[in-house]
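The values are calculated or read from the model by the stated rules, or taken from the named source; none is laboratory data. Being a predicted model, the structure only gives us computed values, none of them experimental. Cβ placement follows ideal geometry from the backbone for every residue including glycine, while neighbour counts extend to all protein chains displayed. Keep in mind that these areas ignore ligands, DNA and RNA; they rest on the heavy atoms of the full protein, side chains included. Shrake-Rupley method; radii C 1.70, N 1.55, O 1.52, S 1.80 Å.
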Amino acid sequence: MAAVERLRESLRRHEVFVPGLRKWGDPTAGLLKGAEWERARPRICDELNLSPQPGTDVERWAGTLDFSYRQLAAGLSGQAGGRNDWVRLAKDDDGKDHLVLTGLDRLDEPASLTALRADIDARMPIVDLPEALLEVHSWTGCLDHFTHVSTDAPSRKQDMITSIAAVLVSQAMNVGMRPMAAEGEPALALDRLYWVEQNYLRATTLTAANAALVEFHSGLELAQAWGGGELASADGLRFVVPVKTINAGPTKYFGKGKGAKGVTYYNFTSDQFTGFHGIVIPGTPKDWYYILEGLLDQETSLKPTEITSDTAGASEIAFGIFRLMGWQFSPRLADVGSATLFRADPAAHYGSIDALVRSRVNIKLINDSWDDLLRVAGSLLTGAVKASELFRYFAGGGTPTPIGRALMELGKLDRSTYLASYYDDELLRRRVNTQLNRQESRHTLARRIFHGQKGELRQKYKEGQEDQLGALGFMTNVCILWNTVYTARALEEMRAEGKKISAADIARLSPLGFEHFNMLGRYSFSLPELVRDGQLRPLRTPPPAE
């Protein structure tokens, strides 16, 4: 029994490999090596803007850390010339110094913004969700990307778009096919809907269709007022899976009952509110295993350079690999005052915070492992290895591998730089908080759409779970795009009426409203004549002002 238990633990930590298996095989087998790596190194270093020589980039990053510490020390509240009222030094119960960070005050909502939101809500047309999907397709052609599994060409079958739309709505709302079926309409015959589901709904078609939505939305003037697409966030949406399946795991999020299991839909949202990727994960493993994987695998036109997450994603290895890949990792940190700060220069003096910065980064370990670190970054960039499997191996179940330890040391350097900025820069904390709030509000919209069967996911197999939650992410983007277009039209109508609207108020609007979407009852898949002719539906007339 001891030998079996040790084997099981070694398999889990990837100390023992099973040749030919993806999950239990060697996660480093795909890393660039030998002559292949020698040829690729110059190109990888050029793409990542890194030097092949050890020490060059680490010295630059250490200089950034030194500057950040001096900025923080100069701005502390209570110090001479201190400008930051939100951060100060205090003593803990043991008499040791620690930083106290005051929470962000809630931004006041001006009366003009409240009135603007109410005016827009009063004008938004009431629409059935299937009609919204068909209308968005008329703008973007997104449903044309759903092709038959045997060909890449769009189907010539009559009314196929209607059938595809019905399947997507059925999957996203979790209500099954029967509410979509209609007697006498071949496009909505029950057997045809099941056939379309089997042959048209899959990861590649969902990805292509979603990319068309994101591309169209990012070009809208109103979307650009909310963000440029450079900032993104990653967070998990949890779903209970009450059926027997191997692709689910237990956790407290899925209830207290015996055997309660579920999956996490780990999804990525831009600062323009659109979701650009999603990964289905059994249970709730460490978030940071999947953050980089989502950014590398996404196929939209958005190219985020800064990514935020909650504290669960803020590991030192995550900071290290993000620094190598050239992205800014900006998580929202809980209990930030107790975080450990590391120094790169043992002789540096940082004034009032000097006692807080005692631990040292092992610069020698980073430099000694520099070529291996470059090789890992290059292998991830080229898609030679899968990020989640590789990081699980590097972490080693609490005992990191040599490369994992080097990544952790680099992560300590980058995390300390970020922490110093997080303490010092209130705008940074507010930007991170705002983006994560947008993602959480987007999850609320997704929950509203996925209302059938108590919001539980009842697919038994991984592919079915991925397809259904992919359809949910797609339909959430459909609602966001539809809301953005009609919000812009409402703003145009209000300006034509002579109303003054400030850019600051527009920047705080949101396309995540759902009260005007009808998601209950039987479903119609026909468009009004004016929409078929390429026009937008008329806005509602708001009630007269009191």
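Restricted to region 168-251, the set of helices (runs of 4 or more DSSP H) holding at least 1 residues that are of a type in the set (A, V, I, L, M, F, W, C), open to solvent by less than 10 Å² (accessible area, probe 1.4 Å) and in contact with a strand residue (DSSP E or B) (Cβ under 7 Å, 6 or more places away or on another chain) comprises 203-218.
If you go through region 326-339 and keep only what is surrounded by 13 or more Cβ atoms within 10 Å (Cβ to Cβ) and assigned to a helix (DSSP H, G or I), you end up with VAL336, GLY337.
All conditions in (1) within 15 Å of GLY326 (Cα to Cα); (2) buried (at least 16 other Cβ atoms within 10 Å of the Cβ) hold for SER51, with the sole exception of (2). On the given criteria, is GLY34 within 30 Å of THR417 (Cβ to Cβ), open to solvent by less than 90 Å² (accessible area, probe 1.4 Å) and not hydrophobic (A, V, I, L, M, F, W, C)? Spelling it out, it is not the case that GLY34 is within 30 Å of THR417 (Cβ to Cβ), open to solvent by less than 90 Å² (accessible area, probe 1.4 Å) and not hydrophobic (A, V, I, L, M, F, W, C).
Do we have LEU133 as of a type in the set (A, V, I, L, M), at negative phi and either part of a helix (DSSP H, G or I) or free of Cβ contacts under 8 Å to residues at least 60 places away in the same chain (or both) here? When the stated conditions are applied, LEU133 passes them.
Among residues of region 484-513 that are within 14 Å of PRO125 (Cβ to Cβ), those with a beta-carbon under 8 Å from a residue that is surrounded by fewer than 11 Cβ atoms within 10 Å (Cβ to Cβ) and acidic (Asp, Glu) at least six positions away or on a different chain give the pairs ALA488/GLU221. When residues in region 79-110 are screened for being in a strand (DSSP E or B) and touching a Gly at 6+ places or on another chain (Cβ under 8 Å), 8 of them pass. In region 296-310 there is no residue matching the filter, namely being among the β-branched types (Val, Ile, Thr) and at pLDDT below 90. Over 20 Å from ASN518 (Cβ atoms), of a type in the set (A, V, I, L, M, F, W, C), touching a residue at least 40 places away in the same chain (Cβ under 8 Å) and in contact with a helix residue (DSSP H, G or I) (Cβ under 8 Å, 6 or more places away or on another chain): is that true of VAL149 in this structure? The answer is yes for VAL149.
Criterion applied to ALA40, ALA115 was being without any contact (Cβ under 8 Å) to a residue 12 or more places away in the chain, assigned to a helix (DSSP H, G or I) and more than 28 Å from ALA334 (Cα to Cα), and the one residue passing it is ALA115.
Only residues that are out of contact with any Lys or Arg (no Cβ under 8 Å at 6 or more places or on another chain) and open to solvent by less than 30 Å² (accessible area, probe 1.4 Å) were counted in region 340-363, giving 3.
Could you check region 424-447 and list, in sequence order, the residues that are touching a Lys or Arg at 6+ places or on another chain (Cβ under 9 Å) and of a type in the set (A, V, I, L, M, F, W, C)? Hits for region 424-447 are VAL432, LEU436. Contact annotation: residue pairs with Cβ atoms under 6 Å, 6 or more positions apart or on different chains, pairing a residue in region 412-434 that is over 14 Å from TRP86 (Cβ atoms) with a partner that is outside any helix (DSSP H, G or I) and among the charged types (D, E, K, R), are VAL432/ARG332. Please specify each residue of region 364-383 satisfying the condition of being buried (at least 19 other Cβ atoms within 10 Å of the Cβ) and not in a helix (DSSP H, G or I). Across region 364-383, the qualifying residue is only SER369. Of everything in region 168-215 that is touching a residue at least 40 places away in the same chain (Cβ under 8 Å) and of a type in the set (Val, Ile, Thr), the residue that is nearest to GLY275 (Cα to Cα) is VAL214.
Can we say THR147 is open to solvent by 60 Å² or more (accessible area, probe 1.4 Å), modelled with pLDDT under 95 and of a type in the set (Ser, Thr, Tyr)? No, not satisfied.
Taking the criterion of being in contact with a helix residue (DSSP H, G or I) (Cβ under 7 Å, 6 or more places away or on another chain) and of a type in the set (Asp, Glu), the residues of region 89-133 that qualify are ASP97, ASP119. If only residues of region 426-476 that are more than 19 Å from ARG202 (Cβ to Cβ) and among the aliphatic types (A, V, I, L, M) are counted, the one that is most open to solvent (accessible area, probe 1.4 Å) is LEU427. Among the residues of region 514-531, not a single one is buried (at least 21 other Cβ atoms within 10 Å of the Cβ) and within 20 Å of the chain's Cα centre (by Cα).
Right, ASP66: exposed (fewer than 15 other Cβ atoms within 10 Å of the Cβ) and under 22 Å from GLY351 (Cα atoms) or not? Taking the combined requirement at face value, the residue does not satisfy it. Inside region 397-409, can you point out the residues that are in contact (Cβ under 8 Å) with a residue 40 or more places away in the chain and either crowded, with 16+ Cβ neighbours inside 10 Å or among the acidic types (Asp, Glu) (or both)? The answer is PRO400, GLY404, ARG405, ALA406, LEU407, MET408, GLU409. Entry remark, region 453-500: residues being more than 29 Å from TRP139 (Cα to Cα) and either in a helix (DSSP H, G or I) or under 21 Å from the mean Cα position of the chain (by Cα) (or both) number 6 in total.
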